[in-house]
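Below is one structure, written out as structure tokens; comments come after it.
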Amino acid sequence: MISQAFPFFKGYWDDHTDPKFSLILLDIKKITVQSPYDKEYYTFNLK
């Protein structure tokens, strides 16, 4: 759970009714990164 990994996260909102609360779901299936060593691009399928 993210609130266990980042202590500040748990204290930022009171609950889901707080107007500052938002929830974003990232469903990442593929990422592309550039290596700092050879400057090549590499793609990884995550699902």
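The values are calculated or read from the model by the stated rules, or taken from the named source; none is laboratory data. None of the values given here were measured: they were computed from a predicted structure. Positions of Cβ are generated from backbone atoms using ideal geometry, with glycine treated the same way; all protein chains shown enter the neighbour counts.
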- Note on the structure: Within the stretch 15-34, the residues that are over 28 Å from residue 45 (Cβ atoms) and among the hydroxyl-bearing types (Ser, Thr, Tyr) are 17, 22
- Selection within the stretch 6-23 - loosely packed, with under 10 Cβ neighbours inside 10 Å and either among the charged types (D, E, K, R) or assigned to a loop (DSSP other than H, G, I, E, B) (or both): 14, 15, 16, 17, 19, 20, 22, 23
- Find all pairs meeting these conditions: Cβ atoms under 8 angstrom apart; at least six residues apart or on different chains; first residue within the stretch 19-45 and aliphatic (A, V, I, L, M); second residue modelled with pLDDT under 95 and assigned to a loop (DSSP other than H, G, I, E, B). 23/16; 28/46; 31/46
- Query: What number goes with the only condition from (1) modelled with pLDDT of 95 or more; (2) of a type outside the set (Val, Ile, Thr); (3) in contact with a Leu (Cβ under 9 Å, 6 or more places away or on another chain) that residue 16 does not pass?
  - Reply: (1)
